[in-house]
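The values are calculated or read from the model by the stated rules, or taken from the named source; none is laboratory data. For clarity, every value in this text was computed on a predicted model and none was experimentally measured. Because the Cβ atoms are built from the backbone with ideal geometry, glycine has one as well, and the counts that use them run over all protein chains shown.
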Amino acid sequence: MKKFLLTFLLLTLAAPAAWAGDDKDKESAYERVMKTGTIRCGYYVFPPATYRDPNTKELSGFSVDMMNEIGKRAGLKIEWTEETNFSNWIPGLQTGRFDVACTPNWPDIGQGRAAAFTLPLFFSGIYPMVRVDDPRFKSNDLTKLNNPDITFSAQEGEGPVALIKAYFPKAKLNLLPNDASNTNFVMDLNTKKADAIVTDQNGFVEFNRHNSVKLKLIGLKTPLKFQSFNLGVERHEMILNDFLNNAILDLQHDGTMDRLLRKWESEPGKTFLRVVNPAKIE
């Protein structure tokens, strides 16, 4: 009996050390990037972050230029490995299918449980968007949206859901599934299944560009949120995150970030809010 107890005690004490050894021996995303010389990118297609040529399938856009610049300066290859959407990029990081979510995301508190985010690349105001022909929204009075007769569409699990619940608790909420596309939001507005969605200035421009029913933002003087746009990595990949932060700061401080945004944004210098260089703050 004593021999059994001694063996059990030794195994119990050794087990945590073995588990710790397994974690320690696991290759990190940063180590893999440095070993292979390649950053594998997950990306979503939404202008101006990323465009995809319908004929050649070639990718272009702000994110492509930015990541290629980072790769060039660091001596690394950028591989555009997997197309994602707003709801499935975190599982892609967790399963190691790619190293970085390379198109800017809207981080929120909930996503922080599974992903780590870089410093902001830039910001944008977030506003409700409605149909131009809806007579209820001729003014910028946001209180009209906080009404049981109003329905918002949003994607399940995404940041706008929390904003809608906080600002418009009396409104109904039509939750789209995780695999819904951007066209689903527009269809809800077009068919009057929803009265409003939440988006930014760039979303407004892109939705109107491809939508026969014209839309408008309301409450432009009072955005619901100043949303940051950030790259994402798996929650534990803090060394890779630090590498990306250093690269982002370099691009911001030498003016490259502003130059790339001006190249791609729909209204150069106006669509996105820049991160202010501390040296320019009086």
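Working only within the range 50-80, note down all residues that are in contact (Cβ under 8 Å) with a residue 60 or more places away in the chain and of a type in the set (A, V, I, L, M, F, W, C). Walk me through how you get there before you give the answer.
Applying the first criterion (in contact (Cβ under 8 Å) with a residue 60 or more places away in the chain) to the range 50-80 yields 61-62, 65-66, 69-70, 73-74.
Answer for the range 50-80, where residues must be in contact (Cβ under 8 Å) with a residue 60 or more places away in the chain and of a type in the set (A, V, I, L, M, F, W, C): Phe62, Met66, Ile70, Ala74.
Going by the conditions given, is Lys24 under 28 Å from Lys263 (Cα atoms), basic (Lys, Arg) and modelled with pLDDT under 95? Steps first, answer last, please.
Working: under 28 Å from Lys263 (Cα atoms): no; basic (Lys, Arg): yes; modelled with pLDDT under 95: yes.
Against the criterion (under 28 Å from Lys263 (Cα atoms), basic (Lys, Arg) and modelled with pLDDT under 95), Lys24 does not qualify.
Report yes if some residue within the range 180-194 is β-branched (Val, Ile, Thr), over 27 Å from Glu265 (Cα atoms) and either surrounded by fewer than 18 Cβ atoms within 10 Å (Cβ to Cβ) or assigned by TED's automatic domain parsing to the domain that holds Ser139 (or both); otherwise report no. Explain how you work it out, then say what you get.
We begin by selecting, within the range 180-194, every residue β-branched (Val, Ile, Thr); these are 183, 186, 191.
Then drop every residue that is not over 27 Å from Glu265 (Cα atoms), which leaves 191.
Restricting the remaining residues to those that are either surrounded by fewer than 18 Cβ atoms within 10 Å (Cβ to Cβ) or assigned by TED's automatic domain parsing to the domain that holds Ser139 (or both) gives 191.
Checked the range 180-194: at least one residue is β-branched (Val, Ile, Thr), over 27 Å from Glu265 (Cα atoms) and either surrounded by fewer than 18 Cβ atoms within 10 Å (Cβ to Cβ) or assigned by TED's automatic domain parsing to the domain that holds Ser139 (or both).
Residue-by-condition table, conditions (1) surrounded by fewer than 19 Cβ atoms within 10 Å (Cβ to Cβ); (2) assigned to a loop (DSSP other than H, G, I, E, B):
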{"residue": "Thr222", "(1), (2)": "yes, yes"}
{"residue": "Phe226", "(1), (2)": "yes, no"}
{"residue": "Leu231", "(1), (2)": "no, no"}
{"residue": "His236", "(1), (2)": "yes, yes"}
{"residue": "Asn245", "(1), (2)": "yes, no"}
{"residue": "Leu249", "(1), (2)": "yes, no"}
{"residue": "Leu260", "(1), (2)": "no, no"}
{"residue": "Thr271", "(1), (2)": "no, yes"}
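Only one of Asn241, Asn202 is outside any strand (DSSP E or B), in contact with a Pro (Cβ under 8 Å, 6 or more places away or on another chain) and crowded, with 18+ Cβ neighbours inside 10 Å. Can you tell me which? Outline the logic, then answer.
Values: Asn241 fails: in contact with a Pro (Cβ under 8 Å, 6 or more places away or on another chain).
Sole residue among the options that is outside any strand (DSSP E or B), in contact with a Pro (Cβ under 8 Å, 6 or more places away or on another chain) and crowded, with 18+ Cβ neighbours inside 10 Å: Asn202.
Out of the range 30-54, which residues are under 12 Å from Asp99 (Cα atoms), buried (at least 18 other Cβ atoms within 10 Å of the Cβ) and not hydroxyl-bearing (Ser, Thr, Tyr)?
Of everything in the range 30-54, those that are under 12 Å from Asp99 (Cα atoms), buried (at least 18 other Cβ atoms within 10 Å of the Cβ) and not hydroxyl-bearing (Ser, Thr, Tyr) turn out to be Val33, Ile39, Arg40, Cys41, Gly42.
I need the full set of residues from the range 148-164 which are exposed (fewer than 14 other Cβ atoms within 10 Å of the Cβ) and modelled with pLDDT of 95 or more, in order please.
Start the filter on the range 148-164 by keeping residues that are exposed (fewer than 14 other Cβ atoms within 10 Å of the Cβ), which leaves 148-149, 156.
Across the range 148-164, the qualifying residues are Pro148, Asp149.
With respect to the numbered conditions (1) of a type in the set (Asp, Glu); (2) in the same structural domain as Pro128 (by TED's automatic domain parsing); (3) at pLDDT 95 or above, which one is the sole condition not fulfilled by Glu234?
Failing condition for Glu234: (2).
Scan the range 81-90 and tell me whether some residue there is in the same structural domain as Phe272 (by TED's automatic domain parsing) and free of Cβ contacts under 8 Å to residues at least 40 places away in the same chain.
To start, the set of residues in the range 81-90 that are in the same structural domain as Phe272 (by TED's automatic domain parsing) comprises 81-90.
With the extra rule that they be free of Cβ contacts under 8 Å to residues at least 40 places away in the same chain, the set shrinks to none.
Within the range 81-90, none of the residues are in the same structural domain as Phe272 (by TED's automatic domain parsing) and free of Cβ contacts under 8 Å to residues at least 40 places away in the same chain.
Are any residues in the range 151-196 under 13 Å from Met129 (Cβ atoms) and aliphatic (A, V, I, L, M), and if so, which ones?
Ala154, Leu163, Ile164, Val186, Leu189, Ala194, Ala196
Quick test for you: out of Asn245, Asn241, pick the one residue that is in contact with a Leu (Cβ under 8 Å, 6 or more places away or on another chain), modelled with pLDDT of 90 or more and not assigned by TED's automatic domain parsing to the domain that holds Arg136.
Values: Asn241 fails: in contact with a Leu (Cβ under 8 Å, 6 or more places away or on another chain).
The unique qualifying residue is Asn245.
Considering only the range 38-56, I want to know if a residue exists there that is small (Gly, Ala, Ser) and assigned to a helix (DSSP H, G or I).
No - not one qualifying residue is present in the range 38-56.
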